[in-house]
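Visitor: A single structure is presented below for examination.
The values are calculated or read from the model by the stated rules, or taken from the named source; none is laboratory data. This is a predicted model, so every value here is computed, not measured. A quick note on method: Cβ atoms are made from the backbone with ideal geometry, for glycine too, and the neighbour counts reach across all protein chains shown. Calculation scope for accessible area: heavy atoms of the full protein, side chains included, ligands and nucleic acids excluded. Shrake-Rupley method; radii C 1.70, N 1.55, O 1.52, S 1.80 Å.
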Amino acid sequence: MSQYVLRRLLIAIPSLLGISLVLFVVLALAPGDPFSELATNPNVPPEVAAALRAKFGLDDPIYLRYLHWLSAMAHGDWGFSFVSRMNVDALILQRLPATLYVIGSAQILALLIAIPVGVYAATKPYSLFDQIANVLAFVGFSLPTFFTGILFILIFSVTLDWLPFVYSSDIKATGIRWVLEMIRQAIMPVAVLGLFQAASMTRFVRSAMLDVIRLDYVTTARAKGLGQAKVIVKHVMRNAMIPVVTLIALQMPAVFGGAIVTEQIFRIPGIGSLLISSILSNDTPVVMAVTFVFACLVVLFNLIADVLYGWLDPRISLR
């Protein structure tokens with residue numbers, strides 16, 4: 001297992017290098033840079049602006065700037081934010097916990113909804129429960145997260161005044177009161193992301209279960225006298241979860257994209273809102289670092305999915 005994980009990590013290195021190169025070239029060719037405002041600022045002498053550009057290598061060829069960035073990243077230097085006036089790695093570490101908390105909670109909620117509903121719907125195909133689950137699933141993934149987020153704010157914050165619609169990272173309470181406030185303010189963003197993911201997962205779990213439940217070995221297990229619950233849990237679900245794991249891994253880019261929108265709606269101080277503000281202010285080092293972090297997280301989740309394949313199906317070799 002350890003050799004397999006190490007081999008997968010080594011394979012991921014060229015992928016991350018290719019992703020970083022594409023990101024760097026796109027950002028370098030985009031109009032504007034962190035010091036573009038200095039050229040129009042009468043309070044900044046032209047020689048000062050030129051010295052700053054030379055110091056940070058903004059006038060160097062793109063390939064030299066990429067090699068400098070790559071070397072700095074390898075030594076743990078992620079750059080400097082010209083807007084926030086602090087190191088990029090420290091800035092990301094401030095914002096990353098909020099994003100992982102919301103995304104992780106949303107994924108757990110999606111799995112807690114999708115697996116039981118999808119499994120039960122597959123055991124009762126075309127029943128009333130199955131039809132209701134299908135309708136709700138279609139509605140769920142047809143509504144974009146920004147619409148659902150605004151709808152939740154209008155209902156639960158404006159009309160009912162039950163939940164706060166602005167996420168705060170500076171809660172004054174302590175102890176159990178702090179925990180309850182953190183849960184309370186995370187309910188709406190987690191529900192928006194979780195329900196959106198649960199809708200597509202439910203349909204996929206149902207389809208995977210229906211494919212497996214009709215196989216001959218399932219019929220044989222029932223013929224031997226095994227109960228319905230044991231057949232479903234022990235013999236059907238484990239094999240049916242393999243394509244579901246693939247779906248979850250492939251959906252991670254969409255999850256992070258949805259998190260960016262959700263963080264903007266609920267003012268969550270995560271790396272998604274940091275990315276948007278950095279793009280608007282031409283803070284290129286932050287944009288490059290955040291997008292690269294997203295790429296690393298996607299590669300990590302795909303690695304976890306590969307490891308789970310071997311656990312779900314021992315026939316899949318991890319050697």
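Visitor: Any residue at all in segment 180-188 that's small (Gly, Ala, Ser) and under 24 Å from PRO97 (Cα atoms)? Steps first, answer last, please.
Guide: From segment 180-188, those small (Gly, Ala, Ser) are 186; that's our starting set.
Narrowing further to those that are under 24 Å from PRO97 (Cα atoms): 186.
Yes, segment 180-188 contains a residue that is small (Gly, Ala, Ser) and under 24 Å from PRO97 (Cα atoms).
Visitor: Then there is this: Restricting attention to segment 214-225, does a residue exist that is among the hydrophobic types (A, V, I, L, M, F, W, C), outside any helix (DSSP H, G or I), out of contact with any strand residue (DSSP E or B) (no Cβ under 6 Å at 6 or more places or on another chain) and under 26 Å from VAL245 (Cα atoms)? Outline the logic, then answer.
Guide: Start the filter on segment 214-225 by keeping residues that are among the hydrophobic types (A, V, I, L, M, F, W, C), which leaves 215, 218, 221, 223.
Retained after the next criterion (residues that are outside any helix (DSSP H, G or I)): 215.
From the residues that got through so far, the ones that are out of contact with any strand residue (DSSP E or B) (no Cβ under 6 Å at 6 or more places or on another chain) too are 215.
From the residues that got through so far, the ones that are under 26 Å from VAL245 (Cα atoms) too are 215.
There is at least one residue in segment 214-225 that is among the hydrophobic types (A, V, I, L, M, F, W, C), outside any helix (DSSP H, G or I), out of contact with any strand residue (DSSP E or B) (no Cβ under 6 Å at 6 or more places or on another chain) and under 26 Å from VAL245 (Cα atoms).
Visitor: Continuing with this model, one more query. With LEU109, LEU91, LEU96 as the choices, which residue is surrounded by fewer than 17 Cβ atoms within 10 Å (Cβ to Cβ), assigned to a helix (DSSP H, G or I) and not small (Gly, Ala, Ser)? Please lay out each step first, then the result.
Guide: Values: LEU109 fails: surrounded by fewer than 17 Cβ atoms within 10 Å (Cβ to Cβ); LEU91 fails: surrounded by fewer than 17 Cβ atoms within 10 Å (Cβ to Cβ).
It is LEU96.
Visitor: I'd like to verify a number: residues in segment 139-185 that are farther than 20 Å from GLN94 by Cα, open to solvent by less than 70 Å² (accessible area, probe 1.4 Å) and touching a Lys or Arg at 6+ places or on another chain (Cβ under 9 Å), how many?
Guide: Matching residues across segment 139-185 total 2.
Visitor: If the Cβ limit is 9 Å and pairs must be 6+ apart or interchain, which residue in segment 1-26 that is closer than 30 Å to TRP311 by Cα and modelled with pLDDT of 80 or more pairs with which residue that is open to solvent by 80 Å² or more (accessible area, probe 1.4 Å) and aliphatic (A, V, I, L, M)?
Guide: Close Cβ pairs satisfying both conditions: ALA12/LEU300.
Visitor: For the subset of segment 248-283 comprising residues that are in contact with a Pro (Cβ under 6 Å, 6 or more places away or on another chain) and in a helix (DSSP H, G or I), which member is surrounded by the fewest Cβ atoms within 10 Å (Cβ to Cβ)?
Guide: PHE266
Visitor: Follow-up question, since we're still on this one. Can you say whether VAL287 is closer than 27 Å to VAL190 by Cβ and part of a helix (DSSP H, G or I), as far as the supplied structure shows?
Guide: On the way: closer than 27 Å to VAL190 by Cβ: yes; part of a helix (DSSP H, G or I): yes.
So VAL287 passes the test.
Visitor: Continuing with this model, one more query. Restricting attention to segment 245-275, which residues are under 11 Å from the mean Cα position of the chain (by Cα) and closer than 16 Å to VAL290 by Cβ?
Guide: Kept after step one, since they are under 11 Å from the mean Cα position of the chain (by Cα), are these residues of segment 245-275: 248-260, 271-272.
Answer for segment 245-275, where residues must be under 11 Å from the mean Cα position of the chain (by Cα) and closer than 16 Å to VAL290 by Cβ: MET252, PRO253, VAL255, PHE256, GLY257, GLY258, ALA259, ILE260, ILE271, GLY272.
Visitor: In the list ALA208, ALA191, which residue meets the criterion of being within 21 Å of the chain's Cα centre (by Cα), hydrophobic (A, V, I, L, M, F, W, C) and either surrounded by 13 or more Cβ atoms within 10 Å (Cβ to Cβ) or within 20 Å of LEU112 (Cα to Cα) (or both)? Steps first, answer last, please.
Guide: Numbers: ALA208 fails: within 21 Å of the chain's Cα centre (by Cα).
Of ALA208, ALA191, the one residue that is within 21 Å of the chain's Cα centre (by Cα), hydrophobic (A, V, I, L, M, F, W, C) and either surrounded by 13 or more Cβ atoms within 10 Å (Cβ to Cβ) or within 20 Å of LEU112 (Cα to Cα) (or both) is ALA191.
Visitor: Suppose we filter segment 142-189 for residues that are in contact (Cβ under 8 Å) with a residue 40 or more places away in the chain and of a type in the set (Phe, Trp, Tyr); how many remain?
Guide: 4
Visitor: Turning to a different aspect of this structure: Counting only residues that are farther than 15 Å from VAL286 by Cα and not in a helix (DSSP H, G or I), which one in segment 31-57 is modelled with the highest pLDDT?
Guide: Step one: list which residues in segment 31-57 are farther than 15 Å from VAL286 by Cα, which gives 31, 36-55, 57.
Checking the rest, the ones that are also not in a helix (DSSP H, G or I) come to 31, 41-45, 57.
Working: PRO31: 75, ASN41: 62, PRO42: 65, ASN43: 68, VAL44: 64, PRO45: 71, GLY57: 70.
It comes out as PRO31.
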